[in-house]
Amino acid sequence: MTKIYAEIIGTMILIFLGNGVVANVILSKTKGHSKNGEWLTITIGWALAVFMGIIVSAPYSGGHLNPCVTISFAIIGKFNWEMVPFYIFSQLIGAMLGSLLVWLLYKDHFFETQEKQEKLSVFVTVPSIKNLFSNFLSEVLSTFVFILIFLYLSTKGSLFFEEDKYPIDFGSLGAIPSSLVVLGVVLSLGGATGASLNPARDLGPRIIYSIIPIPGKEKSHWNYALIPIFGPIVGCVIASVFYLYLSL
């Protein structure tokens, strides 16, 4: 249960801070509201959110915070398949809680914001140009790169190795490489869809968005939700198989 709680809390922190920086930048009348340089601010904020989520949860659960990480570790034999559903469910719950906290914190600013799309963008990824095939390919490729690099971070004493040992072997600084990978991937490959990289990151907040009372909000676009959910899963499976192939 300690591992489950750690994944819930770590993912909650990840989404609270990650979606929180989006809200701070794009919602009306916030201290961080800006139309200049917002992409860089949001991307750095998300990278820091990854760092903070990991340092809280890693000593107890490994700090997965992402179904793609959990599935990939199971594929390469570094995680028990029996625990995969429990981790994924915990990550989903954590993502829902984190997005709910964002709503509570920025509630007044949601009322002040007139643009429906910006309210939706606080919670979920939105494509720059809606083309389902291209959007799906973008999520697959960006997650492939993210997971492949992440798996190499997990080998030979870097991060997240033996289950019965502390996953970060040089203190909290051990979470920095993972954060930098997220920063680099999203800056380079996130222009088309925002690079979800994490099914729970999109699904959990989208569920919350669909049920909370935001006046004049955009519809939840469940027809697009399959892209940031299944695209990253396909990408992580391909990356894990490729990693195993390269390790032969």
Practice item. Mind listing the long-range amide H neighbours of Glu218? Cut-off is under 5 Å, sequence gap 5 or more, other chains count too, H placed in the peptide plane at 1.01 Å from N. Key: Leu120
**Study point:** Angle in degrees between helix 2-26 and the longest Cα principal axis of the chain, rounded to the nearest 10
**Key:** 40 degrees
Review point. Which of these, Gly98, Gly194, Gly77, has the largest mean-square fluctuation under a Gaussian network model of the chain (Cα springs below 10 Å)?
Key: Gly77
Check your understanding: By average Cβ neighbour count within 10 Å, what is the ranking of 119-127, 201-209 from highest down?
Key -> 201-209, 119-127
Review point. What is the fewest-to-most order of Ile54, Ile129 by other Cβ atoms lying within 10 Å of their Cβ?
Key: Ile129, Ile54
Practice item. Along Cα→Cβ, 7 Å out, is where each label goes; now give me the distance between the ones at Ile44 and Met1 in nm to one decimal. Key: 4.2 nm
Practice item. Once you've got the GNM for the chain with C-alpha springs shorter than 10 Å, pick whichever of Met96, Met83, Met52 has the biggest mean-square fluctuation. Key: Met83
**Study point:** Computed Rg/Rh of the chain, alpha carbon atoms with Kirkwood Rh
**Key:** 0.96
Check your understanding: Using helices alone, what [θ] at 222 nm do you get for the chain, with -39,500 (n - 2.57) per DSSP H run of 4 or more residues, divided over all residues and rounded to the nearest 500?
Key -> -22500 deg cm²/dmol
Check your understanding: Relative to the first principal axis of the alpha-carbon coordinates of the chain, what is the inclination of helix 132-153, with its axis defined by its Cα atoms, in degrees from 0 to 90 and to the nearest 10?
Key -> 40 degrees
Review point. Across the stretch 202-211, in residue order, what do the Karplus-derived ³J(HN,Hα) couplings come to in whole Hz, using 6.51 cos²θ - 1.76 cosθ + 1.60 with θ = phi - 60° and x for Gly and Pro?
Key: 9, 5, x, x, 5, 4, 4, 4, 6, 10
Review point. By how many degrees, 0 to 90 and rounded to 10, does the Cα axis of helix 222-246 deviate from the longest principal axis of the chain?
Key: 20 degrees
**Study point:** Of Lys31/Lys116; Lys29/Lys130; Lys3/Lys107; Lys130/Lys219, pairs whose Cα-Cα distance is over 22 Å
**Key:** Lys29/Lys130; Lys3/Lys107
Revision key, fill the gap. Its Cα gyration tensor gives the stretch 1-97 an equivalent ellipsoid whose semi-axes in whole Å, largest first, are 30, 13, 10
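Coordinate-derived values only; no laboratory data. Every value quoted in this text rests on a predicted model; they were computed, and no experiment measured them. Methodologically, a virtual Cβ is constructed for each residue, glycine included, from the backbone with ideal geometry; neighbour enumeration extends over all protein chains shown.
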